[in-house]
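Values in this text are rule-based calculations from the coordinates and carry no lab data. As the structure is a computational prediction, the values presented were derived from the model and not from experiment. All Cβ positions, even for glycine, are placed from backbone atoms using ideal geometry, and neighbour counts span all protein chains on display.
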């Protein structure tokens with residue numbers, strides 16, 4: 001019974017995701033009535049359909065971000081971008097981590113001053129934290145490669161929220177010990193120093 005309830009809750013979530021992200025469009029229809037649980041549809045078949053719908057929705061949400069990331073500011077669809085960032089976190093979409101990390105400094109988008117919902121750096125970080133371990137692991141990799149002093153504290157905030165202060169620091173130190181490239185090692189060592197401030201909320 002609990003499994004059936006969990007499946008039903010997942011279907012409801014996906015239906016709401018579709019409605020909020022696409023304003024009621026039919027680009028991604030929720031499961032048809034025929035896919036609702038009944039004596040004719042096994043739990044396994046229904047679960048497979050939910051997984052398929054989740055995969056399709058995740059792909060569409062990622063497309064929204066990618067389409068807007070390199071778009072002139074006057075053409076950016078901020079409300080759709082906000083929904084995409086928010087819902088990818090709610091879906092715990094592991095495949096979204098690289099894309100979300102690419103826009104972790106989303107507040108630097110030009111002209112991000114509208115009355116409609118706009119994703120902030122804190123919201124991107126929250127979605128990454130909801131996704132969990134894949135976010136913290138890739139954030140450490142980005143710290144080694146990314147020379148940006150703006151994004152470094154944001155990567156560290158993700159690590160702090162997912163792993164906590166002790167485990168996060170241990171993972172960073174472990175990354176330093178394993179890194180052979182001197183430049184990357186130096187960036188990771190600097191990150192350990194900055195990690196002491198990772199408990200502070202990013203605006």
*Going by how many other Cβ atoms sit within 10 Å of their own, how do 201, 176, 162 line up, fewest first?*
201, 176, 162
*Along each principal axis, Cα extent of the stretch 136-199, largest first, Å*: 27, 23, 19
